[in-house]
Amino acid sequence: MIHKLLIANRGEIAVRIIRACAEMGITSVAVYTDADRHGLHVKKADESYSLGPDSLAGYLNIHRLVNVARGAGCDAIHPGYGFLSENPQFAQNCARRGIRFIGPEAEIIRRMGDKIAAREAMIAAGVPVVPGSEGNLKDVDEAAVLAEKIGYPVMLKATNGGGGRGIRRCDDEAALRHNYERVRSEATKAFGSTEIFMEKAIVNPRHIEVQILADRHGNVIHLFERDCSIQRRHQKLVEIAPSPQLSEAQRREVGELAVRAARAVNYENAGTVEFLMDADGRFYFMEMNTRLQVEHPVTEMITGVDIVQEQIRVAAGLPLTYTQDQITRRGFAVEFRINAEDPKNDFLPSFGRITRYFAPGGPGVRTDGAIYTGYHIPPHYDSMCAKLVVWAMDWDSLIRRARRALGDMGVYGVKTTIPYHLEILNSEAFRQGSFDTGYVDAHPELTDYSVRRPTRELAAVIAAAITAHKGL
């Protein structure tokens, strides 16, 4: 079994992994840059080590992270999500230095990170894919010819992309020629590669993804699906498990497709197979994420499976705790990404000091976060500061409980997406369980909420003004 584990990440996901380690009796080791020296993950880990002053380079320095792990006596590294989590060189370096990487082998990460190779693997396995280019596009003229053949709209995508970056929809040839170099530029900056490919755009699909677990003993299971259709600019805002939009037959179908996809590439550890579902209920493979997903807690809430602990068990060479027939689901769960952003100002980041923070609680409520009263949200990283996860037995109860939990949550000193999420819950389309990836664009009124300062905040301002006026 693994005895000491370094977490090559920060924020709420680092805290989440630390908690799993604590329950498994594993010593947790945190790393941090100067901007994160007061981070909650640093306070909660058994040990912590500095990566230096550079806010980003520290978390992206493969050799330094592995050296810290070796120096601290760690026998494993968990990459979390983002940063180096889908970097095959990181997994390869860990293996070379005798440290277990909590994730699939480097070759699987490399293969599934290459969208062309992934498409080819799925086609060979009989998993349906979106019509598109057979390989990387040579130039914009080839792209224009292919787009005319498969029909607009089309999507230009970075071959090594992920996380919603390096993607542009093109509705005609003019847009295609305009966006081609932009996607190449984004691909180069974000992924170090100029390669891009094309797919037919499935207009306003449902975004359905399936959580899978696989071990080295040949066991592959799925933990049902998540509906991630509510997103803005390809970035997810709200995630739900299971999808309220699928029939039982569709649920079985997409689960079986995900398991087939994982078996086709001899996958090992936790992963997510993502699909688009069109208006006729057909599923198309989109990509496979070879890591832990931000939204994994909703799956944990409906199945009772601790996905992080299963990841660690698999990396230690142990078989999965469960077989497919032991996986059952109960009720519905929803996750709200609480971002430090101002929805009224085009979701502009709102970094700064949190003057007060109140985490919600009560039945069926879970908060994964790394913030606290007095914490300064640094401007160098993603704006997500917490995840609010709510569970209930049925869809209507879930909406009521989610509304209560969001109302209980208090994050002061910065603007957040909490009021925006409350507007989503009040939306008739959401309450009816009917939405697709065009939901946010179709509902601009969601940002029309009123902003009222809490009475205690007004009282504090008045008291401060009186004190200053009196010279006290």
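General remarks:
- Cut-off under 5 Å, modelled amide H: who pairs with GLY132 long-range: LYS200
- Among the trypsin sites (Lys or Arg not before Pro) within the stretch 1-78, those in coil by DSSP and having at most 13 neighbouring Cβ atoms inside 10 Å are ARG37.
- Full extension of the chain between ALA429 and GLU248 yields a length gain of 63.0 nm, computed as 0.36 nm times the residue separation minus the alpha carbon distance.
- Along the stretch 351-358 the Karplus relation, 6.51 cos²θ - 1.76 cosθ + 1.60 evaluated at θ = phi - 60°, assigns HN-Hα couplings of 7, x, 8, 7, 6, 8, 9, 10 Hz to successive residues, with x for each Gly and Pro.
- Toward the positive end of the charge dipole of the chain, with +1 on the Cβ of Lys and Arg and -1 on the Cβ of Asp and Glu, the farthest Cα among ILE424, ALA264, ASN93 is that of ASN93.
- By accessible area, using a 1.4 Å probe on protein heavy atoms only, the stretch 21-95 has 45% of its surface on carbon and sulfur.
- Residue separation of ALA57 and ALA174 scaled by 0.36 nm, minus their Cα-Cα distance, works out to 38.3 nm of gained length.
- Rounded to whole numbers, the Karplus 3J(HN,Hα) couplings from phi for the stretch 309-321 are 5, 5, 4, 5, 4, 4, 5, 7, x, 7, x, 4, 5 Hz, using 6.51 cos²θ - 1.76 cosθ + 1.60 with θ = phi - 60°, and x at Gly and Pro.
- Under the convention that each Lys and Arg Cβ holds +1 and each Asp and Glu Cβ holds -1, the size of the dipole of the chain around its Cα centre is about 1480 debye.
- Radius ratio Rg over Rh of the stretch 1-64, counting only Cα atoms, Kirkwood formula for Rh: 0.96
- In the stretch 327-448, Cα pairs under 8 Å separated by at least six residues give a relative contact order of 33 percent.
- Descending by average beta-carbon neighbour count within 10 Å, the peptides 289-296, 250-257 line up as 289-296, 250-257, the highest first.
- Portion, in percent, of the accessible area of the stretch 127-246 that falls on carbon or sulfur, probe 1.4 Å: 47 percent
- Theoretical ellipticity at 222 nm over the chain - DSSP helices of four or more residues, -39500 (n - 2.57) apiece, nearest 500: -10500 deg cm²/dmol
- Unit charges at the beta carbon, dipole of the chain: most positive-side option, VAL127, ASN345, PRO53: PRO53
- Residues whose amide H lies under 5 Å from that of HIS3, counting only those 5 or more places away or on a different chain, are ASP75; hydrogens are built 1.01 Å from N in the peptide plane.
- Here, the stretch 175-294 yields an orientationally averaged convex hull projection of 8.6 nm² when only Cα atoms define the hull.
- For the stretch 357-472, accessible area per residue (1.4 Å probe, heavy atoms of protein chains only), Å²: 51 Å²
- Stretchable slack from ASP448 to HIS38, in nm (0.36 nm times residue separation minus alpha-carbon distance): 144.0 nm
- Mean Cα-pair separation over length for the chain, i.e. relative contact order, pairs under 8 Å, 6 or more apart, %: 13 percent
- The mean sequence separation of alpha-carbon pairs under 8 Å and at least six residues apart, normalised by the residue count of the stretch 1-58, gives a relative contact order of 33 percent.
- Here's how it looks for SER48: its modeled amide H is under 5 Å from those of ALA30, which are all 5 or more places away or on a different chain.
- Point-to-point label distance, ARG182-ASN136, nm (Cα→Cβ direction, 7 Å offset): 2.2 nm
- Selection from ILE77, THR33, GLN309, by position along the positive dipole direction of the chain (Cβ): THR33
- Per residue, the accessible area of the stretch 64-205 comes to 45 Å², computed with a 1.4 Å probe over protein heavy atoms only.
- Note on the chain: the alpha carbon radius of gyration divided by the globular reference 2.2 N^0.38 Å gives 0.99.
- Using only side-chain charges placed at the Cβ, +1 for Lys and Arg and -1 for Asp and Glu, the dipole size of the stretch 56-169 relative to its Cα centre rounds to 400 debye.
- For the stretch 269-347, the solvent-accessible area of protein heavy atoms averages 31 Å² per residue (probe radius 1.4 Å; ligands and nucleic acids excluded).
- Here the Karplus relation 6.51 cos²θ - 1.76 cosθ + 1.60, evaluated at θ = phi - 60°, turns the backbone of the stretch 171-184 into coupling constants of 8, 7, 5, 4, 5, 4, 5, 5, 8, 4, 5, 5, 5, 4 Hz, with x for every Gly and Pro.
The values are calculated or read from the model by the stated rules, or taken from the named source; none is laboratory data. Not measured: the values here are computed from a predicted model. So basically every Cβ, Gly included, is an ideal-geometry build from the backbone, and we count neighbours across all protein chains shown. To get the accessible areas, we keep the full protein, side chains included, count just its heavy atoms, and leave off ligands, DNA and RNA. Shrake-Rupley method; radii C 1.70, N 1.55, O 1.52, S 1.80 Å.
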